[in-house]
Amino acid sequence: MTPLNTFGAIMSKAIELESALADYYGRAGDSERARASEKRRQKMMRIRREAVLEITLEAIVGLDSDDYALDLDDTSESGQARVASTAARFYREVAPGINVRQARSALERAAREHAGE
Amino acid sequence: MVERLKNYIGGEWVETGSRDWSPVPDPATCELLAECPESGAGDVELAVQAAQTAFEEWRRTPVLERAQFMHHFKNLVEDRFDDLSEVVVRENGKTLDEARGEVRRGIESIDFGIGVPFMMRNDGVEDISSGIDETTVRQPVGVFAAITPFNFPFMVPIWFLPTAITCGNTFILKPSPQTPLSMQLTCELIDELDLPEGVVNLVHGGVTSAQAIMEHPGIAGVSFVGSSPVAKIIYETCTRNGKRVQAQGGAKNYIAVLPDADMESSVKNVLGAAYGCAGQRCLAAAVAVGVGDAYDSLRDELVKQVAGLRVGYGLDETSQMGTVVSAQARERIVDMITEGEREGATISLDGRDLQVEGYEDGMFVGPTILEDVTPDMRVAREEIFGPVLSLMRADSYDEAVELINRSNYGNAASIFTSSGAHARDFKYRVNAGNIGVNIGVAAPSASFPFGGQKDSFFGDLHGQGMDSIDFFTDRKVVIERWFAG
C-alpha cells in the first residue's frame, strides 16, 4: 500500500509513470508515444514545482499507487491498450483530488491523451 | 566530520571567531547536519563594514541592472528548487509538499523584487507654483538587516532580501541558528550571481548577533519575524537606536465556522490550516469556534478527518505532517496540551505520545484536538506553535467575533460561511491583519502587505507589497525652478 494522499505523492507518481511509459513505448517501437510520455513527464515535473500552493494544501484520501500497477513486460498491441487504459484511469481518478486548477487540468488532459480522446 | 558553517561577508566565506556552536539536527532522523556558529559583535561589524562599503557603488547601479540580478537569482533558485526544498525539510521537519510550497512562495517574492523598477517610479506635479515643479524621488536608505525564524527558513528571508537590494540597499541576513542551511545554500547561489561584494551578507548566530545588529549604528533598518515577546524587544531596541523596524510577532489565529458553512470542504481546509507545517506557522489556525449548531458537526468531521492524517518523515511524500523543529519545541507543546487538560479541556485526539516507525527518536507530536476550551484557559490565550487545535463554542456569530477580538494577538482570522453578509461583517469588524473567507491560512501573496495587528506586529510598514517599497526607500521631495536666460 502506497497511498497517493498528497499533491506531491500524486505528481511524483505521474512523473514516475510517464518515465516508465516513455521507456515502455520506446521498447514497443512506438517513438511517437514515447516522446509524448517524455513531454508529459517534463510537464508534470514543472507542475509539481510550480503549482504547489502552500496555503491550500489539503489531505487527499482514497487513492493508492498499487491500484495503478502497469504490466510493462507485455509490449503487444493488447498489452499496450491495457497500459494506456490504466494510465488514463490513473489520471482520471487522481485529478479530482487536486485543488489547484492548473495541476488538475494537466492531469485531466493526460487522462484524455492516454485514452486517445 | 560535520560541516561548521561560515559567514558570508563581503563576497567571501569567512570563519567566525565563535567558540560557541549549536547543532543543526534533522528533527526526524536526529542526524547532525551541521554546526552553526554564534557570531559576535565583531562578526556583525565586519558585515556592516562590507555592506556600507558596497552601498555607495550599489545604489549607483541602475535599477534595471539591479533587477537583472533578481532575474538571474530566480533562475538559480528554480534550477535548485528540489535541493532547496529538501534542505528545508531536513532542517525544519516539514513535509516535502510544504517545503516546495515555501520555496515557491519565496520565488513569488523574487518576482516582486524584479518589479521594483516599476514600483520605484516617482510622482510629481508641474507648476505646483508658477514655474516651479515638485517631484518625489525614491532613494535607497543604506544597510538593512533581517532576523528571521526557523519555521520558514527559505521563504521569510526572501520576503525581504530581493526588495531591499533591488531598491538599492545592501543587506545583512541573520537566519535562525536552528535552521541556517536554507540560507547557507541560498547564499551559495547568491555568490554565483557575482553581485558586487558586500551587497548581501550572511551572519549566523542567535541572541548575541541579533543584539549587535539591533545596536549597530551603521544599520538603517531591521526586519524581524518571530515570537511576540522578541518582536517587542526588537522593535523597542531598534527604534531606540534610530532604526526603521518592522517586527512581526506571534499569533493565536481564530477560525469561525458558521452553521451555513460547507462542513466537509471547510474542515478539509481548517485541517490544513491547523496541522500544516505541524502548526508551526504564524498563520496557523489555533482555535476553531463552532457557532451554534456548527460546533458538533465541526467537531465530528474534524476528529474523523484528523484521525486519518499520516504523520511521518518529511522526505516521504506520503507524509501529510512532519515533525516540530526541536526537542525543546516538542516538550513545550506537550506541556501546553497537558496544561490544557489540567485546566479542564477534553482531549479528543491526543498526539503527545505519537511514535513514528523508523523514526522513534524524531520530534513528532501528533495532531491534537482540545475540546471544551474556554477563553480564560492558557491554551486559548497563548501561542502553542504546534499541531494543536482548540475547539470553542459560541452561541452566536456576534459572540464568535467578540471571542476573536478579545485575543491579544491579531495576525489572522478566518470565517467559513456561505453568507456574504456575515463574511462582509467579519472583514469589517475583526481586528486581525489578515482575514480569510473560506480560507484557513490567510497568507497574503508577495504583492500584498503581510498584515498583523495588536501584539502580532510592531511597527508601521508591514513586510511585502508596497509597504516594503516604502520601508526600503526614502522619499525625497525635489522642488525646482529654472531661470530663463
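Look at (1) surrounded by fewer than 17 Cβ atoms within 10 Å (Cβ to Cβ); (2) under 18 Å from B:SER326 (Cβ atoms) and you find that B:GLN49 fails only one, number (2). Open to solvent by 30 Å² or more (accessible area, probe 1.4 Å), of a type in the set (Lys, Arg) and either within 30 Å of B:ALA146 (Cα to Cα) or modelled with pLDDT under 95 (or both): which single residue out of B:LYS454, B:LYS427 fits that description? Checking each option against the conditions leaves just B:LYS454.
Just one of the listed residues (B:GLU98, B:GLU86, B:GLU57, B:GLU91) is closer than 30 Å to B:VAL477 by Cα, at pLDDT 95 or above and assigned to a helix (DSSP H, G or I), and it is B:GLU57. With respect to (1) modelled with pLDDT of 95 or more; (2) open to solvent by 60 Å² or more (accessible area, probe 1.4 Å), the lone exception for A:ASN99 is condition (1). Annotation note: of B:VAL44, B:VAL63, the sole residue that is within 24 Å of the chain's Cα centre (by Cα) and of a type in the set (Val, Ile, Thr) is B:VAL44. Within the stretch B:283-319, the set of residues being touching a strand residue (DSSP E or B) at 6+ places or on another chain (Cβ under 7 Å), open to solvent by less than 40 Å² (accessible area, probe 1.4 Å) and farther than 17 Å from B:GLY340 by Cβ comprises B:LEU283, B:GLY290, B:VAL291, B:ALA294, B:TYR295, B:LEU298, B:LEU309, B:VAL311, B:THR318, B:SER319.
Screening the stretch A:46-66 for residues that are hydrophobic (A, V, I, L, M, F, W, C) and open to solvent by less than 60 Å² (accessible area, probe 1.4 Å) and picking the one that is modelled with the lowest pLDDT gives A:ILE55.
Contact annotation: residue pairs with Cβ atoms under 7 Å, 6 or more positions apart or on different chains, pairing a residue in the stretch B:380-400 that is within 24 Å of B:PRO367 (Cα to Cα) and among the β-branched types (Val, Ile, Thr) with a partner that is open to solvent by 10 Å² or more (accessible area, probe 1.4 Å) and not in a helix (DSSP H, G or I), are B:ILE384/B:ALA286. Would the stretch A:4-24 turn up any residue that is at pLDDT 95 or above, more than 11 Å from chain B (Cβ to nearest Cβ) and farther than 30 Å from B:SER85 by Cα? Yes.
Considering only residues of the stretch B:270-295 that are in a helix (DSSP H, G or I) and either farther than 30 Å from B:VAL230 by Cβ or without any contact (Cβ under 8 Å) to a residue 24 or more places away in the chain (or both), which is nearest to the other protein chains (Cβ to nearest Cβ)? Selected residue: B:ALA294.
The residue of the stretch B:108-132 that is surrounded by the most Cβ atoms within 10 Å (Cβ to Cβ), among those that are of a type in the set (A, V, I, L, M) and in contact (Cβ under 8 Å) with a residue 40 or more places away in the chain, is B:VAL116.
Looking only at the stretch B:92-105, how many residues end up being within 18 Å of A:VAL100 (Cβ to Cβ) and in contact (Cβ under 8 Å) with a residue 40 or more places away in the chain? Residues meeting the conditions: 8. For beta carbons closer than 7 Å, sequence separation of 6+ or different chains, a first residue in the stretch A:49-60 that is more than 7 Å from every other protein chain (Cβ to nearest Cβ) and in a loop (DSSP other than H, G, I, E, B) and a second that is crowded, with 20+ Cβ neighbours inside 10 Å and basic (Lys, Arg), there are no qualifying pairs.
The values are calculated or read from the model by the stated rules, or taken from the named source; none is laboratory data. Because the structure is a prediction, the values reported are computed rather than measured. Every residue, glycine as well, gets a Cβ built from its backbone with ideal geometry; the counts of neighbours run over all protein chains shown. The protein model used for the area step is the full one, side chains on, heavy atoms only, and it has no ligands, DNA or RNA in it. Shrake-Rupley method; radii C 1.70, N 1.55, O 1.52, S 1.80 Å.
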